[in-house]
1. Step by step: first the residues of the stretch 46-67, then only those that are under 14 Å from the mean Cα position of the chain (by Cα) and aliphatic (A, V, I, L, M), then the one that is farthest from residue 11 (Cα to Cα). Which residue is that?
2. Could you tell me how many of the residues in the stretch 7-49 are exposed (fewer than 10 other Cβ atoms within 10 Å of the Cβ) and modelled with pLDDT under 80?
Amino acid sequence: MGFSDDDLTKLMGSLGMGDAGGDKDMEDFLPFMSNMMQKLLSKELLQPVLVDIVDRVSYHNCIQRTVVVRMKVYVRNVVKSLLCLVPGLVGR
C-alpha cells in the first residue's frame, strides 16, 4: 500500500512542511528526517530486536552443534558395531 502525492502533501502540511516554502521546506525537512532516523536507530529501539536475533542465532548454532555431536557419536557406534560383526577387519 503506497501513498499518493495528495496523501504525502497532507502529511507534510500537517507537519508544517507545506508547498508554500520551497527551499524553506527542505530546510525544515532535513532536520525532521535526521531526528526521525536518530530515533529509529536509537539503542532503545534496536537493542531488544538485536538481542532477540542474537539469541535466536545462538540457539540455532547450539542446536546444530548438538546434532553434529550426536551424529558423530551415532556414526562411531555404527562403525564399532560393524567392526564387531566382521572380526577379521579389526586388525587391518
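1. Applying the filter and picking the extreme gives 57.
2. So the answer is 5.
A quick yes/no check of all residues on (1) outside the structural domain of residue 11 (by TED's automatic domain parsing); (2) of a type in the set (A, V, I, L, M, F, W, C):
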{"residue": "27", "(1), (2)": "no, no"}
{"residue": "30", "(1), (2)": "no, yes"}
{"residue": "36", "(1), (2)": "no, yes"}
{"residue": "55", "(1), (2)": "yes, no"}
{"residue": "60", "(1), (2)": "yes, no"}
{"residue": "64", "(1), (2)": "yes, no"}
{"residue": "68", "(1), (2)": "yes, yes"}
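The values are calculated or read from the model by the stated rules, or taken from the named source; none is laboratory data. Bear in mind the structure is a predicted one, so any value in this text is a computation, not a measurement. Reconstructed Cβ throughout: ideal geometry from the backbone, glycine too, with neighbour counts over all protein chains shown.
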